[in-house]
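The values are calculated or read from the model by the stated rules, or taken from the named source; none is laboratory data. From a predicted model like this one, the values you see are computed outputs, not experimental measurements. With ideal geometry, Cβ positions are generated from the backbone for all residues, glycine too; neighbour counts draw on all protein chains shown. The accessibility values were calculated without ligands, DNA or RNA, using every heavy atom of the protein model including side chains. Shrake-Rupley method; radii C 1.70, N 1.55, O 1.52, S 1.80 Å.
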Amino acid sequence: MNLLAPNPRSAITDVAGIKVGHFTDARRPTGCTVILCEDGATGGVDVRGSAPGTRETDLLDPQNLVQQVHAVVLSGGSAFGLEAATGVVRWLEERNIGYDVGVAKVPIVPAAILFDLTVGDAKIRPDAAAGYNACKAASTNAPAEGNVGAGAGATVGKMFGPKRAMKGGLGTASISVGKELTVGAIVAVNAAGDIVDPSTGKLLAGARTQDGKKLQGTMAGILRGDALPPVLGGTNTTIGLIATDAKLDKAQAQKVAQMAHDGLARTTNPAHTMFDGDTIFALATGKNSSTKPVNVTL
């Protein structure tokens, strides 16, 4: 096959075995997003940013024992937001979903967070109830995009300070390779850098000029020698997940997560900075029964 076909609704839920649910806190812009794979999915992860906030990522290493996960959580709220995964664990346990240890089934729920504490009241952040409610809202419908869930408080273009930043958000898309394979993505973009159209190099969003009316161009400003204010590490971060219905082992899923960072680097400039905790997960549901090899030419 030499055709990558965008799906009609183009969402990660086009991948069989995947559900998505958001919880958005109306008291301030923050929230969490859960990606459910209730039948289990092979998981992988790759962390490239220098200030990550994560849970259960070591478990996804191919050399470690547990082979499948049951959900992944993306959350705002900085490290506090990791609590949202506790609510997801509870929701799954109530439905007898998890890794069977004989006396119980233990849900495997990796998670990653982004920093949004400077937008509104920092005391309000996703908790276990938020994660539980995101599970209750989960479905196979195309999830809402924009300032929802984990992307509710996201911002981009912060290298010249928060007053010159722009709103970020959450987006999802999918592609199909013939009828043999579906791949979907969901990403909450909270980058220190600018967002770029990789096909044209055009700036789409990012740091603004002093008057706020135009895009500054972060890298152009740095190369000109424009003064940069102090940037606090860990106050940014793009987090996301790639899902496919293919059958993959953990090493292959990890490779998918690694390759996804190439896309992040093509669309975010600069990416993977000391101030970001960029983390991408990968899930393979194995729901595609085809065993026919698929050759893709880009």
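A few notes on this one:
- Annotation: Arg48 carries an accessible surface of approximately 90 Å², with a 1.4 Å probe and no ligand, DNA or RNA atoms counted.
- Mean accessible surface per residue for the chain, computed with a 1.4 Å probe while every protein chain stays in place, in Å²: 45 Å²
- Pairwise centroid distance, computed over Cα atoms, of the stretch 124-162 with the stretch 12-63, Å: 11 Å
- The stretch 78-180, accessible surface, carbon-and-sulfur percent (1.4 angstrom probe): 55 percent
- Estimated from the Cβ-Cβ distance and a Förster radius of 25 angstrom, the FRET efficiency linking Asn64 and Ala16 is about 0.45.
- In the complete set of protein chains, residue-level accessible area for Val109 is approximately 0 Å², probe 1.4 angstrom.
- Hypothetical label at Asp121: residues of the stretch 29-70 whose amide nitrogen lies under 17 Å (7 Å Cα-Cβ projection): 29-31
- In the chain, Cα pairs under 8 Å separated by at least six residues give a relative contact order of 27 percent.
- Over the stretch 152-212, relative contact order from alpha-carbon pairs under 8 Å, at least 6 apart, %: 39 percent
- In degrees, nearest ten, helix 84-94 long axis to first principal axis of the chain (Cα): 20 degrees
- Between Val101 and Ala227, residue separation times 0.36 nm minus the direct Cα-Cα distance comes to 39.8 nm.
- Placing Met159, Met166 in order of accessible area, with the largest value first and a 1.4 Å probe, yields Met166, Met159.
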